[in-house]
């Protein structure tokens with residue numbers, strides 16, 4: 001492929017062919033019928049001076065087009081078309097007469113110089129004049145750069161040139177196709193592969209199983225073939241609680257820390273009051289989960305449960321669980337599950353369960369667990385259980401320096417010194433063991449505070 005170098009002042013859409021120093025006007029290059037070539041067009045930024053056209057000004061261009069014709073009428077067939085997908089842009093430095101020059105070069109390869117259109121134009125003539133047009137398109141298909149150069153010369157041939165080829169019909173350029181695609185699609189949905197237009201709608205629903213589409217902007221355009229949607233298993237919707245890989249309940253905020261396996265006791269109820277509340281009397285431990293009539297387990301929702309230790313009642317509001325099920329009103333039989341109780345509140349009760357307590361608290365019995373907030377001078381009463389122990393996990397959010405725990409005379413700390421609860425953000429663990437033979441709380445153990453992360 002023959003290289004044809006030319007210099008063009010590209011300060012205007014109609015470029016002017018210049019010499020290498022951008023000092024004098026030159027004739028446009030000559031090409032030959034049937035001889036593939038590459039036009040290496042070196043662009044100046046101004047009508048005078050050596051400043052190269054800034055490469056950065058061409059950075060947004062994603063596709064190029066170079067065509068040549070004898071007229072400026074789009075209705076006539078072009079005579080020459082470059083290998084547009086292979087047009088490149090770059091900066092080159094060359095030495096001319098012992099001096100270096102830097103140019104912005106656009107390389108335009110033309111592999112087909114024997115088109116039927118060009119052969120018909122030459123028709124035995126020695127030469128003819130032809131103009132060229134370089135177009136640059138951005139990613140949306142918009143024309144963002146154009147440079148026309150007039151008066152190229154195409155010379156005829158003395159020898160046989162071979163069989164000419166017809167230029168492909170000019171439909172849409174690649175850049176124009178990208179522009180159409182970038183404009184988006186119209187999409188409609190249906191529950192069945194229906195051929196009735198009324199069965200299709202533009203807003204997708206969970207029941208839809210088919211789609212079809214067309215390019216946006218043309219209401220008369222034909223729709224695509226009907227495409228079936230692949231339906232997979234339901235995933236988490238970001239609203240309803242679900243069971244994670246670790247077996248815990250997860251809600252919109254993440255891991256609740258509550259195991260999904262329900263092993264505690266429960267009460268069943270089939271009615272609620274006008275406010276959507278169910279109140280159960282005689283509870284012995286903290287609620288952890290709700291089973292709705294739809295067969296769905298949910299962990300206790302923040303703000304939906306109130307445990308009243310003084311009245312020994314639990315009140316559950318069913319509104320959040322109705323929303324999870326997508327139900328308009330309460331119906332059927334539900335279950336409210338309670339913690340099985342292992343002495344570890346962290347694993348049995350959600351931390352946001354509301355507790356109505358006073359300054360006097362009775363320790364629950366039977367291996368049950370509570371979580372609650374206590375205030376200054378709170379008295380904790382130990383019951384008389386059988387074969388039991390009691391564990392306290394006491395979290396100190398802010399230390400005053402004077403907080404302490406006082407024990408009855410029949411209970412002593414193992415180191416004879418009670419803890420000073422003065423370490424902010426600390427966790428204290430205390431264990432009190434019941435001795436059945438003596439029917440007393442005999443001893444205690446104390447773990448020093450551990451800083452919480």
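The values are calculated or read from the model by the stated rules, or taken from the named source; none is laboratory data. From a predicted model like this one, the values you see are computed outputs, not experimental measurements. Neighbour counts are summed over all protein chains in view; Cβ atoms, including those assigned to glycine, are modelled from backbone coordinates with ideal geometry.
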Open item on the list: Looking only at strands (runs of 3 or more DSSP E) that lie completely in the stretch 85-167, which have at least 3 residues being farther than 21 Å from residue 55 by Cα?
Closed with: 127-138, 143-155
- [ ] Using the structure shown, decide if residue 74 is modelled with pLDDT of 90 or more and either within 46 Å of the chain's Cα centre (by Cα) or not assigned by TED's automatic domain parsing to the domain that holds residue 114 (or both).
- [x] no
Task: Lone unmet requirement of (1) surrounded by 14 or more Cβ atoms within 10 Å (Cβ to Cβ); (2) modelled with pLDDT of 90 or more; (3) on the phi > 0 side of the Ramachandran plot for residue 318 - done: (3)
Open item on the list: Suppose we filter 77, 104 for residues that are over 26 Å from residue 19 (Cβ atoms) and touching a helix residue (DSSP H, G or I) at 6+ places or on another chain (Cβ under 7 Å); which single one remains?
Closed with: 77
Task: Search result, residues across the stretch 105-139 that are closer than 22 Å to residue 90 by Cα and either exposed (fewer than 15 other Cβ atoms within 10 Å of the Cβ) or outside the structural domain of residue 50 (by TED's automatic domain parsing) (or both) - done: 111, 139
Open item on the list: If I go through the stretch 292-303 residue by residue, how many of them are modelled with pLDDT of 85 or more and in contact with a strand residue (DSSP E or B) (Cβ under 7 Å, 6 or more places away or on another chain)?
Closed with: 2
- [ ] Would you point out which residue out of 59, 45 is surrounded by 15 or more Cβ atoms within 10 Å (Cβ to Cβ) and over 28 Å from residue 112 (Cβ atoms)?
- [x] 45
TODO: Assess whether residue 2 counts as being over 45 Å from the mean Cα position of the chain (by Cα) and surrounded by fewer than 13 Cβ atoms within 10 Å (Cβ to Cβ).
DONE: yes
- [ ] Kindly establish whether residue 9 is in contact with a helix residue (DSSP H, G or I) (Cβ under 9 Å, 6 or more places away or on another chain), free of Cβ contacts under 8 Å to residues at least 60 places away in the same chain and more than 14 Å from residue 96 (Cβ to Cβ).
- [x] no
Task: Number of positions in the stretch 331-340 that are touching a strand residue (DSSP E or B) at 6+ places or on another chain (Cβ under 9 Å) and either in a strand (DSSP E or B) or at pLDDT 90 or above (or both) - done: 6
Open item on the list: Please count how many residues of the stretch 99-122 are out of contact with any strand residue (DSSP E or B) (no Cβ under 7 Å at 6 or more places or on another chain) and at pLDDT 95 or above.
Closed with: 0
Open item on the list: Please determine whether any residue of the stretch 162-180 is buried (at least 17 other Cβ atoms within 10 Å of the Cβ), at pLDDT below 80 and farther than 30 Å from residue 224 by Cα.
Closed with: yes
TODO: Kindly list the number of the only condition in (1) part of a loop (DSSP other than H, G, I, E, B); (2) modelled with pLDDT under 65 that fails for residue 346.
DONE: (1)
Task: strands (runs of 3 or more DSSP E) within the stretch 1-44 that include 3 or more residues farther than 21 Å from residue 94 by Cα - done: 30-32
- [ ] Mind telling me which of the residues 96, 87, 61 ends up being modelled with pLDDT under 95 and more than 49 Å from the chain's Cα centre (by Cα)?
- [x] 96
Open item on the list: Can you find a residue that is assigned to a loop (DSSP other than H, G, I, E, B), in contact with a helix residue (DSSP H, G or I) (Cβ under 8 Å, 6 or more places away or on another chain) and within 20 Å of residue 146 (Cβ to Cβ) anywhere in the stretch 57-70?
Closed with: yes
